[in-house]
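Below is one structure, written out as structure tokens, with a few remarks after it.
Taken together, the values in this text are just the output of simple stated rules run on the coordinates, not laboratory data. Everything quoted here is computed from the prediction, not taken from an experiment. Neighbour counts are summed over all protein chains in view; Cβ atoms, including those assigned to glycine, are modelled from backbone coordinates with ideal geometry.
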Amino acid sequence: MPEKATDKNNKSIYILGIESSCDDTAAAVLKDGKIISNKVANQSIHEQYGGVVPELASRAHQQNIVPVVDTALKEAGISKNDLSAIAFTEGPGLLGSLLVGVSFAKSMSLALGIPLIGVHHMKAHILAHFIRDNEMKLPGFPFLALTISGGHTQIVQVNNHFDFKVLGETLDDAVGEAFDKSAKIMGLPYPGGPLIDKYAAKGNPFAFKFTKPRVDGLNFSFSGLKTAILYFLQKQTKDNPDFIKQNLPDLSASIQYTIVSILMDKLKLAVEQTGIKKVVIAGGVSANSGIRKALQDAQKQLGWEVFIPKFEYTTDNAAMIAIAGYFKYLNGEFADLSISPKARLPLNQD
Ligand code: KG4
Ligand code: ZN
């Protein structure tokens, strides 16, 4: 954390963070990097469709954004006039969803006459580790970040709050998609990742074996696994239509075990190649108990120093947007009012 937490006049810095990149509308307030409110409105509407419907997501953001920001300010115990700046998710994400957050942030910054700060969603997932929250320890630089979410799977070397280098990434599906698509094949509702995690707790991870893909270097591939699961289940349910129902815990545990070992194999290789043993996880899938346990084991057995975020900072949230915005604020990096959201935004371009 940069030493200077307050601004030039020794006044506290209040950053409002706004996140609307996918299906969660979120707002949070940080005071000098310390969390003072963090609100999320989830959109349950997508469950019945088996995935996020972009059109419905933007409409729900439109409905939720004013009450969510209002509640976040109330809970923080401050007025909008106390805010120092507004940080919002610039990308990557669903364009229609991002547009709601960026338009709202622009209007508010214009009305209040305070700076606007565009934030990279995936950097924010990583920087969530720097939110001043008594229950989390801060990672020192450099460290490796395994960013695992519904849209991304990357291993990133982080040299400081602004210097991110992608060492490897998925060539097809993201790990969150691997969880959600496997869950869908088993008839579970969206998002299925947390459900696989829940059923896996009661299952045997070695009950079924799924082959791991062969991918060079530090890149990942998950689309083959989804197809392997689909074919396996088609074959099994032909003989026994109740196969999935009867084996849900074992299937979930075996799928989770395979996904976690794909992630851990590459992470071990990255540690070996860089010599960096500080490892953080970030993104929605870092809520998964299998990956959390595997990292804790690596800490004990391989001497890694592992940083696991609190649950509320794993899935999409605005506290991570506010902390990333706070570092940009200290650095004087502001956006102008012509800024537009970007559905695709590589990590080295924001
Ligand atoms: O970071 P996130 O909230 O949104 C994106 O930016 O994508 O990640 C959402 C993803 C979904 O695929 C969801 O199924 C997955 O995170 N997820 C989990 C768990 N909790 C959330 N996957 C496995 N186990 C969990 N406990
Ligand atoms: Zn995310």
Problem - Estimated FRET transfer efficiency (ASP70, LYS165; beta-carbon r; R0 41 Å; 0.05) - result: 0.60
Practice task
Could you grab the relative contact order for the chain? Cα pairs under 8 Å, six or more apart, rounded to a whole percent.
Solution key: 25 percent
Practice task
Starting with the fewest neighbours, write out THR211, THR258, THR89, THR153 ranked by other beta-carbon atoms found within 10 Å of each beta-carbon.
Solution key: THR211, THR258, THR153, THR89
Completion exercise
Per DSSP loop assignment and a cutoff of at most 12 other beta carbons within 10 Å, the chain keeps its longest run without exposed GluC sites (Glu not before Pro) at 136-350
Practice task
For the chain, build the charge dipole from Cβ charges (+1 Lys, Arg; -1 Asp, Glu) around the Cα centre, then report which of VAL271, GLN157, VAL100 sits farthest towards its positive end.
Solution key: VAL271
Practice task
Extending each Cα 7 Å along its Cβ direction at SER103 and ASP216, get the distance between those two points in nm, one decimal.
Solution key: 4.6 nm
Problem - Cβ-derived FRET efficiency at R0 30 Å, ALA343 paired with ASN10, nearest 0.05 - result: 0.15
Problem - Inter-site label distance for LYS198 and SER79 at 7 Å from Cα along Cβ, in nm - result: 4.4 nm
Exercise for the section: Place +1 on the Cβ of every Lys and Arg and -1 on the Cβ of every Asp and Glu in the chain, take the dipole about the Cα centre, and give the residue among SER182, VAL29, ILE114 whose Cα lies farthest towards its positive end. Expected result: SER182
Fill in the blank from the handout: Listed residues GLY168, GLY187, GLY290; largest mean-square fluctuation, Gaussian network over the chain with Cα springs below 10 Å, found at GLY187
Practice task
Rank SER254, SER79, SER109 by mean-square fluctuation in a GNM of the chain with C-alpha springs under 10 angstrom and give only the top-ranked residue.
Solution key: SER79
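What order do you get for 102-108, 157-163 when each peptide is scored by the mean count of other beta carbon atoms within 10 Å, highest first?
In descending order of packing, they fall as 102-108, 157-163.
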Exercise for the section: Provide the gained length on full extension for the span LYS310 to ILE244, in nm with one decimal, where the gain is 0.36 nm per separating residue minus the Cα-Cα distance. Expected result: 20.5 nm
Practice task
Give, as ranges by residue number, the residues of segment 183-219 whose backbone N falls under 14 Å from the point 7 Å along Cα→Cβ of LYS293.
Solution key: 196-207
Practice task
Taking the chain as the reference, fit the longest principal axis to its C-alpha atoms, fit the long axis of helix 243-274 to the helix C-alpha atoms, and give the angle between the two in degrees, 0 to 90, nearest 10.
Solution key: 60 degrees
Problem - C-alpha long axis of helix 54-76 to longest principal axis of the chain, angle in ° - result: 50 degrees
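Taking the alpha carbon gyration tensor of the chain, what are the square roots of 5 times its eigenvalues, largest first, to the nearest whole Å? Don't skip to the answer; put the middle values down first.
Details: eigenvalues 255, 111, 54 Å².
They are 36, 24, 16 Å, listed largest first.
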Exercise for the section: Mind checking the full-extension length gain between SER44 and LYS137? Use 0.36 nm per residue of separation minus the Cα-Cα distance, one decimal, nm. Expected result: 30.2 nm
Exercise for the section: Scan around SER37 for amide H atoms under 5 Å from its own, H built in the peptide plane at 1.01 Å from N, and keep only partners 5 or more places away or cross-chain. Expected result: VAL29
Handout entry: Among ASN331, ASN64, ASN38, residue whose mean-square fluctuation peaks in a GNM of the chain (springs only between Cα atoms under 10 Å)
Key = ASN331
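Counting only DSSP beta bridges with both residues in segment 139-308, tell me the antiparallel percent, nearest 5.
Details: 12 of 20 bridges.
So the antiparallel bridges in segment 139-308 amount to around 60 percent.
If each residue of separation counts as 0.36 nm, what is the full-extension length gain between ASP336 and GLN236 once their alpha-carbon separation is subtracted? Could you put the intermediate results ahead of the total?
On the way: separation 100, 0.36 × 100 = 36.00 nm, distance 5.71 nm.
Fully extending the segment from ASP336 to GLN236 adds 30.3 nm.
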Handout entry: Relative contact order, percent, segment 201-282 [alpha-carbon distance under 8 Å, six or more residues apart]
Key = 47 percent
